[in-house]
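**Student:** The following block contains the structure, expressed as structure tokens.
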Amino acid sequence: MNFQLSQFPLTAVALAWFMWAALAFVGGYLLKQEKLPRDNWIAASLVAVFVWCLHGQLNAGELAGLHYHLLGVTLILLIVGLPAALFLLTATAAVYAVLFQHYYDIAAVALYVITVIFPALLLGKIMLVVAQKILPHHLFIFIFFNGFLTALLCMLLAGTLSLWLLDMAGAYSSELLWHRSFPVLFLLSWGEAFLTGLACAVFIAFAPQLLHCYSDDIYLPRRQSLF
């Protein structure tokens, strides 16, 4: 669910770009230290294109202008890590705004990234750290917790924040947003969770090197049984 420039005051949009620039500066520095392989960038880009193209748009009615789509936040985070995911999802949101909204809505991308995508990425990173520090290092725990469950919660958080901000901005009535849009986002969260869990299993089976946050040495030691 993307934002439109006309829905928010210009001061909020300008402040969001300032905050995004600060995050981009820090993220760019961290990204240089990681030296991410090119294959990971390609894989994450393909995932972003695929999931964001699974979208629907309301062109009429009281909720006209709303866009529903998957985010791929958790899977992209697992493939490239948080700094790269922030840049990649910003670029994806910008391209989406140009292709499926109005070209000037690209100005609201920073607000969407700062208030919706970044908190979801941060939640995903926190859950990844929790899993690494507390939970047993087991393959199925990684797929279920870091793939399925994290994707579900991240998508729910992103959807809730989107609706809350649209509600605060007065873009749509509260009743319409929470009684009609939220159930749709709730169902989309389950779809994102299932797709992310499935994709994690496929990556681990066929191309584990493409998961930046996964290692066979940690989650699948030789002495450990799969079952």
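The values are calculated or read from the model by the stated rules, or taken from the named source; none is laboratory data. The shown structure was predicted, so the numbers you read here are calculated from the model rather than taken from an experiment. No Cβ is skipped: glycine too gets one built from the backbone with ideal geometry, and neighbour counts run over all protein chains shown.
**Student:** Keeping to segment 5-53, report how many residues are part of a loop (DSSP other than H, G, I, E, B) and either β-branched (Val, Ile, Thr) or modelled with pLDDT of 85 or more (or both).
**Tutor:** Of all residues in segment 5-53, those part of a loop (DSSP other than H, G, I, E, B) come to 8-9, 35-37.
Filter again for either β-branched (Val, Ile, Thr) or modelled with pLDDT of 85 or more (or both), leaving 8-9, 36-37.
Adding up the residues that qualify gives 4.
**Student:** Name, by its number, the condition in (1) surrounded by fewer than 22 Cβ atoms within 10 Å (Cβ to Cβ); (2) free of Cβ contacts under 8 Å to residues at least 40 places away in the same chain that does not hold for Ile76.
**Tutor:** Status for Ile76: all satisfied but (1).
**Student:** What pairs come up if the first residue lies in segment 1-15 and is closer than 18 Å to Leu63 by Cβ, the second is part of a loop (DSSP other than H, G, I, E, B), and their beta carbons are under 6 Å apart, counting only those six or more places apart or on different chains?
**Tutor:** Gln7/Ala171
**Student:** For segment 23-30, state whether one or more residues are more than 14 Å from Leu86 (Cβ to Cβ) and surrounded by fewer than 18 Cβ atoms within 10 Å (Cβ to Cβ).
**Tutor:** Initially, segment 23-30 is screened for residues more than 14 Å from Leu86 (Cβ to Cβ), giving none.
No, there is no match, as no residue in segment 23-30 is more than 14 Å from Leu86 (Cβ to Cβ) and surrounded by fewer than 18 Cβ atoms within 10 Å (Cβ to Cβ).
**Student:** Then there is this: Quick one: is Ala158 among the small types (Gly, Ala, Ser), touching a residue at least 60 places away in the same chain (Cβ under 8 Å) and out of contact with any Asp or Glu (no Cβ under 9 Å at 6 or more places or on another chain)? Let's see the steps before the verdict.
**Tutor:** Working: among the small types (Gly, Ala, Ser): yes; touching a residue at least 60 places away in the same chain (Cβ under 8 Å): yes; out of contact with any Asp or Glu (no Cβ under 9 Å at 6 or more places or on another chain): yes.
Answer is yes for this residue.
**Student:** Which condition breaks for Gly124 when tested against (1) surrounded by fewer than 20 Cβ atoms within 10 Å (Cβ to Cβ); (2) in contact (Cβ under 8 Å) with a residue 40 or more places away in the chain?
**Tutor:** (1)
**Student:** Specify which of the listed residues (Ala85, Ala91) is small (Gly, Ala, Ser) and either crowded, with 22+ Cβ neighbours inside 10 Å or touching a Phe, Trp or Tyr at 6+ places or on another chain (Cβ under 8 Å) (or both).
**Tutor:** Working: Ala91 fails: either crowded, with 22+ Cβ neighbours inside 10 Å or touching a Phe, Trp or Tyr at 6+ places or on another chain (Cβ under 8 Å) (or both).
Matching residue, one of Ala85, Ala91: Ala85.
**Student:** Might you let me know whether segment 193-207 holds any residue that is within 22 Å of Leu77 (Cβ to Cβ), modelled with pLDDT under 90 and not hydrophobic (A, V, I, L, M, F, W, C)? Before you say what the answer is, go through the steps one by one.
**Tutor:** Narrowing segment 193-207 to residues within 22 Å of Leu77 (Cβ to Cβ): 193-207.
With modelled with pLDDT under 90 added as a condition, the list becomes none.
Scanning segment 193-207, I find no residue that is within 22 Å of Leu77 (Cβ to Cβ), modelled with pLDDT under 90 and not hydrophobic (A, V, I, L, M, F, W, C), so the answer is no.
**Student:** Of all residues in segment 103-117, which are aromatic (Phe, Trp, Tyr) and surrounded by 22 or more Cβ atoms within 10 Å (Cβ to Cβ)?
**Tutor:** Initial filter on segment 103-117 (aromatic (Phe, Trp, Tyr)): 103-104, 112.
Within segment 103-117, Tyr112 is the sole residue that qualifies.
**Student:** Do we find that Val184 is of a type in the set (Val, Ile, Thr), in contact (Cβ under 8 Å) with a residue 60 or more places away in the chain, over 12 Å from Thr74 (Cβ atoms) and not in a loop (DSSP other than H, G, I, E, B) in this structure? Walk me through it before giving the result.
**Tutor:** Numbers: of a type in the set (Val, Ile, Thr): yes; in contact (Cβ under 8 Å) with a residue 60 or more places away in the chain: yes; over 12 Å from Thr74 (Cβ atoms): yes; not in a loop (DSSP other than H, G, I, E, B): yes.
Yes; evaluated as a whole, the condition is true for this residue.
**Student:** Considering each residue of segment 164-173, count those that are assigned to a helix (DSSP H, G or I) and surrounded by fewer than 18 Cβ atoms within 10 Å (Cβ to Cβ), and give that number.
**Tutor:** So the answer is 4.
**Student:** Also: Would you check if there is a residue in segment 138-146 being more than 20 Å from Ala16 (Cβ to Cβ), crowded, with 22+ Cβ neighbours inside 10 Å and in contact (Cβ under 8 Å) with a residue 60 or more places away in the chain?
**Tutor:** Within segment 138-146, the first condition is being more than 20 Å from Ala16 (Cβ to Cβ), and the residues that meet it are 138-146.
Still in the list and also crowded, with 22+ Cβ neighbours inside 10 Å: 142, 146.
Pick out the ones that are also in contact (Cβ under 8 Å) with a residue 60 or more places away in the chain and you get 142, 146.
Yes.
**Student:** Which numbered condition in (1) of a type outside the set (Phe, Trp, Tyr); (2) more than 24 Å from His69 (Cβ to Cβ); (3) over 21 Å from the mean Cα position of the chain (by Cα); (4) in a helix (DSSP H, G or I) is the only one that Leu176 fails?
**Tutor:** Of everything listed in (1) of a type outside the set (Phe, Trp, Tyr); (2) more than 24 Å from His69 (Cβ to Cβ); (3) over 21 Å from the mean Cα position of the chain (by Cα); (4) in a helix (DSSP H, G or I), Leu176 misses just condition (2).
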